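Some notes on the structure that comes next.
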Amino acid sequence: MRKKIIAGNWKMNAVKEEAIALLNGIVEQYNTYNLSPNKSVIIAAPFPYIDYCATQFSNFQFLHAAAQNCSEYEQGAYTGEVSAKIIASLGVQYVIIGHSERRQYFNENDFVLLAKIKQAQLQNLVPIFCCGEPIEVRENEEHFSFIKQQLSHCIFHLTPQEIKNCIIAYEPIWAIGTGKTATQEQAQEMHAFIRKEIENKFDKPIADSISILYGGSVNAVNAADLFVSNDIDGALVGGASLKINDFSTIINAMPS
Ligand code: 13P
């Protein structure tokens, strides 16, 4: 049975006191969450907090820390960069790779993203690989070929063993931060397509084992509707992960 995951991506938000309050809030509400070996929560806080996050969560079996990015290089003279090796040394277990904001504002291309995934896996970090189409692509009804290309250019270069240790997040760009979430049908359709593409490239057991998260304006109200879908294994939540009560509602909206 594949894992269900509710992940919060704080992006570049929360000053120190806010970050501590949010993390403490999650820990305080832990006992109210319906978590299990098959369902966990991941928080991708900004870099300065990931050490604290990993330390706080280390006593809670189903809470995990993530980074929002890592360097494509292993170590050395790369001022301002943070390596997968440094991230892993903090006890962090996951890293988001290829978020559309990184692709768009920091020009991260498929080649760089693949190098980042390799670095992450070298350090036993699980990459959360993001894909998603812009609005023009969907309006032109080219979204399936667009996503197929994003997969083919990046994670389809991994070995079967490597892809098994990835999480995928489908985040249509037009739904990110816009309040305009994909419908349950749109999200399910794309998730099933992604799973089928993985099956075609690798095999069915691998495709069936990979968690595919949906991201894009997931909130306390729409989460339960999205989570009824067969191929939606959880969510990558932006804005609503900064509000403790909303995030807790989203966590519990996913059956365990
Ligand atoms: P929002 O939930 O704010 O739309 O952000 C989604 C996202 O980009 C998560 O990575």
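The values are calculated or read from the model by the stated rules, or taken from the named source; none is laboratory data. Since the model is a prediction, treat every value here as computed from it, not as a measurement. Using ideal geometry, Cβ is built from the backbone for each residue, glycine included, and neighbour counts are taken over all protein chains shown.
Quick look at the numbers
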{"quantity": "Some residue of the stretch 218-228 being outside any loop (DSSP other than H, G, I, E, B) and under 23 Å from Glu108 (Cα atoms)", "calculated": "no"}
{"quantity": "Pairs, first within 16 Å of the ligand (Cβ to nearest atom) in the stretch 129-142, second among the charged types (D, E, K, R) and outside any strand (DSSP E or B), C-beta under 6 Å, six or more apart", "calculated": "Cys130/Glu171; Gly132/Glu171"}
{"quantity": "Top-ranked residue in the stretch 175-192 [being within 18 Å of the chain's Cα centre (by Cα) and part of a helix (DSSP H, G or I); ranked as nearest to the ligand (Cβ to nearest atom)]", "calculated": "Ala175"}
{"quantity": "From the options Asp233, Asp203, residue that is modelled with pLDDT of 95 or more, within 16 Å of the ligand (Cβ to nearest atom) and within 27 Å of Val112 (Cα to Cα)", "calculated": "Asp233"}
{"quantity": "Qualifying positions in the stretch 170-194 - under 15 Å from Phe144 (Cα atoms) and small (Gly, Ala, Ser)", "calculated": "Ala182, Ala187, Ala192"}
{"quantity": "Residues (surrounded by fewer than 23 Cβ atoms within 10 Å (Cβ to Cβ) and over 20 Å from Lys3 (Cα atoms)) located in the stretch 155-174", "calculated": "Phe156, His157, Leu158, Thr159, Ile173, Trp174"}
{"quantity": "Options Phe247, Phe193: the member that is farther than 27 Å from Ala19 by Cβ and hydrophobic (A, V, I, L, M, F, W, C)", "calculated": "Phe193"}
